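Taking it in order: structure first as structure tokens, then the write-up.
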Amino acid sequence: MKGIIKNLLTSRLAIHFYWWIFIYLFFFHLVGARESESFRWGIFFYFFFLPLPVDIHFFLLHHFFKRKKYLIYGLLLTSVIILMGFLTNLFNIRYLRAHDTLLKSLLEVSLIIIIVTAIKIVKDGFKQKLQLQEIQARQLQTELQLLGSQVNPHFLFNTLNNLYSLSLDNSDKLPRVIKKLSDLMAYMFESSQDQQVPVMAEKEFVENYLDLEKLRLPTGSDIRFIVEGNLDNRIIAPMLFIPLVENCFKHGAKATTGKFFVHLHLEVSNHKLIFTTSNNIGPRAQPSNSGMGLKNLRRRLELLYPGIHNLSVNQKKESFQAQLEIRW
């Protein structure tokens, strides 16, 4: 019952009725003593009567046009225009002492319907566009959160594998590995709560990860990380470098029996950031550019940096290179 009463009080017809009452009270009581009878009747008519065909047209649009009943819609709209045009012409002649033709009154009613309907369509279009943008933003945020949550287990799995390998050898490096892993995990979970982190923090994270990997690599492995440019006050989405770094060790260390190398290069300028990785692979190594880590990274980049990033990979006979470029 309360819902019915609320709809009656807030429906378009009810609002229209309130508007009629306001116009009547305003023009026939507040300004009635200062204006002529024809003026008051004219204003009352154009504010009281002419909004009616607009409301009828909105009703026809909703119940017939949107349901593709175009013939019924056209016939009813034509009937409304003719009826309202006739009444408008009759009122102008009777009360306003005007000598307008019926054609002019028909055009007047049609013009009012067209203008008000156009305004409503534009307003509804903007409203729908805003709603669509809000829905898309929520969907993108949800997907980003899902992709971000997939980074952590992937990284943790690889690191625990390293820990397991050292434990089998009863290595004295194990305490340092555990401490380093603890530091990495702390940063990983803290950064996952942020949309942006300093590039310097990501650089330090990669350095710590390299230190962790070096503990299990044979002597003579060539691990380099060169940084160029000023990293101060530069920010980036978290955990974008590490999938490329992990890829180097995942497909490189196991695939070659010679001297193992991983070369990383980070260059930051005023206009862009370039992060490059390269590593050697065995002659029979499987393609390393189609793993889940890279697919996840590509999708994150599409959502985070649409149109201003590039991720390229190049696998040769015995080497693999990846390059990530983000433009500021």
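Values quoted throughout were computed directly from the atomic coordinates according to the rules given, and no laboratory measurement underlies them. Note that the coordinates shown come from a computational prediction; the quantities given were computed from them, not determined experimentally. A quick note on method: Cβ atoms are made from the backbone with ideal geometry, for glycine too, and the neighbour counts reach across all protein chains shown.
Taking 25 Å as the straight-line reach from the Cα of residue 120, the lysines in range (excluding those fewer than 8 positions away in the same chain) are 6, 66, 68, 69, 104, 129. This model, with +1 at the C-beta of Lys and Arg and -1 at the C-beta of Asp and Glu, gives region 171-327 a dipole about its Cα centre of some 660 debye. As a rough guide to protection, the peptides 217-228, 261-272 ranked by mean Cβ packing within 10 Å, highest first, stand as 261-272, 217-228. Taking 30 Å as the straight-line reach from the Cα of residue 214, the lysines in range (excluding those fewer than 8 positions away in the same chain) are 173, 179, 180, 203, 250, 254, 259, 272, 295, 316, 317.
Other residues with beta-carbon under 12 Å from the beta-carbon of residue 226 carry, at +1 per Lys or Arg and -1 per Asp or Glu, a net charge of -1. In this label model, residue 270 and residue 310 are separated by 2.1 nm, measuring between points 7 Å along each Cα→Cβ vector. Estimated at 0.36 nm per residue, the fully extended path between residue 327 and residue 110 surpasses their Cα-Cα distance by 72.8 nm. Applying 0.36 nm per residue to the separation of residue 211 and residue 189 and subtracting their alpha-carbon distance, the gain on full extension is 6.0 nm.
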